[in-house]
Ligand code: PHB
């Protein structure tokens with residue numbers, strides 16, 4: 001069967017937030033794109049991911065006309081609690097750096113982007129199979145796939161973007177000799193639960209305890225998201241609801257009497273932890289964005305924000321390369337994106353190592369961790385570093401209207 005061939009300027013693999021936001025930003029510059037994803041819209045919508053947006057990410061969504069639903073349904077959080085030795089310490093982002101973050105789940109970001117692309121007539125194909133990327137070192141790379149009806153398709157483009165996540169086909173299509181993977185594996189994971197209960201605290205609570213890390217996050221007035229550090233091989237099915245609550249309560253307990261409001265556990269999963277960066281972020285006519293290029297552990301809530309900041313740079317660089325007909329400008333993308341990526345890698349690693357119990361750690365290690373936490377909460381400079389990094393660092397000085 002010969003395949004139906006279509007042409008577009010930018011072919012995008014992956015219809016998560018990175019791929020859809022890129023397609024949206026390119027459309028604003030008059031650049032057409034086609035996005036394909038092997039998942040259906042429903043599959044992506046029902047995947048639970050992290051929930052914190054930097055102010056810059058919120059501005060990118062609202063000021064470029066994706067949607068302002070985040071301003072109505074999202075909640076601004078002006079700080080977090082760092083909890084250790086049974087006491088909570090508030091890090092006041094507004095006071096320290098004049099910024100807040102927004103609690104707005106990634107699934108909602110995805111829904112807003114998918115709706116916006118549909119509203120604006122974007123070409124997004126969900127539920128495709130057998131995706132392959134070809135001819136990456138030519139000026140006419142292609143995406144081959146079967147569409148949702150099973151027909152063989154071929155999209156030819158000028159520039160191909162791999163936004164297909166950590167396990168996608170794009171990064172693995174780069175020959176090993178043409179890239180370096182920088183990699184760090186952590187000896188623990190997160191046990192994540194969704195629970196039906198009222199919020200236990202006004203803001204997110206990041207907890208260091210002798211039993212390991214716990215994070216008390218939120219979703220709505222009646223649904224909460226919580227995590228506790230576990231073994232990477234932990235079987236989520238082996239935990240009764242009682243055991244989950246006993247473990248969470250034990251980790252947050254303290255002299256101040258703080259306790260979690262309990263309720264039924266409606267979803268559970270184990271999230272693996274790693275840090276990874278693929279360099280360069282370009283191979284021939286293909287550019288990598290978001291998790292396809294780099295992964296961070298969830299402790300700093302940076303994954304989605306990094307993906308959005310990648311494609312903001314990427315849309316500018318592609319715009320420049322197309323308008324000047326100079327493909328050499330594509331080389332600007334990686335180095336510009338990587339500055340922010342490595343800062344976020346450091347921040348995520350730093351938060352992770354300060355808060356988690358490392359198997360086999362000594363009393364010295366634990367006392368040193370507490371010293372690190374003290375260096376944050378007892379020092380304005382220490383707190384400000386956390387606040388600046390958590391809320392998005394330098395990016396909050398930018399506005400996006402008219403520039404993206
Ligand atoms: C979440 O709400 O899912 C969440 C929040 C903050 C994190 C990680 C996950 O650092």
query = Only one residue in 287, 271 is in a strand (DSSP E or B) and within 20 Å of residue 176 (Cα to Cα), so which one is that?
reply = 287
inquiry  = Checking the condition at pLDDT below 95 and either closer than 30 Å to residue 144 by Cβ or in contact with a strand residue (DSSP E or B) (Cβ under 8 Å, 6 or more places away or on another chain) (or both), which residue from 41, 49, 28 passes?
reply    = 49
key: Residues (near the ligand (Cβ under 10 Å from one of its atoms), in contact with a helix residue (DSSP H, G or I) (Cβ under 6 Å, 6 or more places away or on another chain) and assigned to a helix (DSSP H, G or I)) located in the stretch 290-303   = 299, 300
query = For the stretch 185-206, how many residues are more than 20 Å from residue 234 (Cα to Cα) and either within 15 Å of the ligand (Cβ to nearest atom) or not in a loop (DSSP other than H, G, I, E, B) (or both)?
reply = 10
ask   = Which one is farthest from residue 288 (Cα to Cα), of the residues in the stretch 161-184 that are in contact with a helix residue (DSSP H, G or I) (Cβ under 8 Å, 6 or more places away or on another chain) and not in a loop (DSSP other than H, G, I, E, B)?
value = 184
key: Test result for residue 80, farther than 17 Å from residue 109 by Cβ and modelled with pLDDT of 95 or more   = yes
query = Can you tell me which residue in the stretch 43-72 is nearest to the ligand (Cβ to nearest atom), limited to those that are over 20 Å from residue 23 (Cβ atoms) and part of a helix (DSSP H, G or I)?
reply = 55
ask   = If you scan the stretch 207-226, which residues turn out to be within 12 Å of the ligand (Cβ to nearest atom) and in a loop (DSSP other than H, G, I, E, B)?
value = 213, 219, 220
inquiry  = Step by step: first the residues of the stretch 73-95, then only those that are part of a helix (DSSP H, G or I) and within 16 Å of the ligand (Cβ to nearest atom), then the one that is nearest to residue 382 (Cα to Cα). Which residue is that?
reply    = 93
message = Of everything in the stretch 235-253, what is buried (at least 16 other Cβ atoms within 10 Å of the Cβ) and under 19 Å from residue 357 (Cβ atoms)? Give them in sequence order.
response = 239, 244, 247, 248, 251, 252, 253
request  = Would you mind stating whether residue 314 is more than 16 Å from the ligand (Cβ to nearest atom), assigned to a helix (DSSP H, G or I) and surrounded by 21 or more Cβ atoms within 10 Å (Cβ to Cβ)?
outcome  = yes
ask   = If you take the residues of the stretch 320-359 that are touching a residue at least 12 places away in the same chain (Cβ under 8 Å), out of contact with any strand residue (DSSP E or B) (no Cβ under 6 Å at 6 or more places or on another chain) and not in a helix (DSSP H, G or I), which of them is surrounded by the most Cβ atoms within 10 Å (Cβ to Cβ)?
value = 357
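The values are calculated or read from the model by the stated rules, or taken from the named source; none is laboratory data. Values in this document were obtained by computation on a predicted structure and should not be read as measured data. Methodologically, a virtual Cβ is constructed for each residue, glycine included, from the backbone with ideal geometry; neighbour enumeration extends over all protein chains shown.
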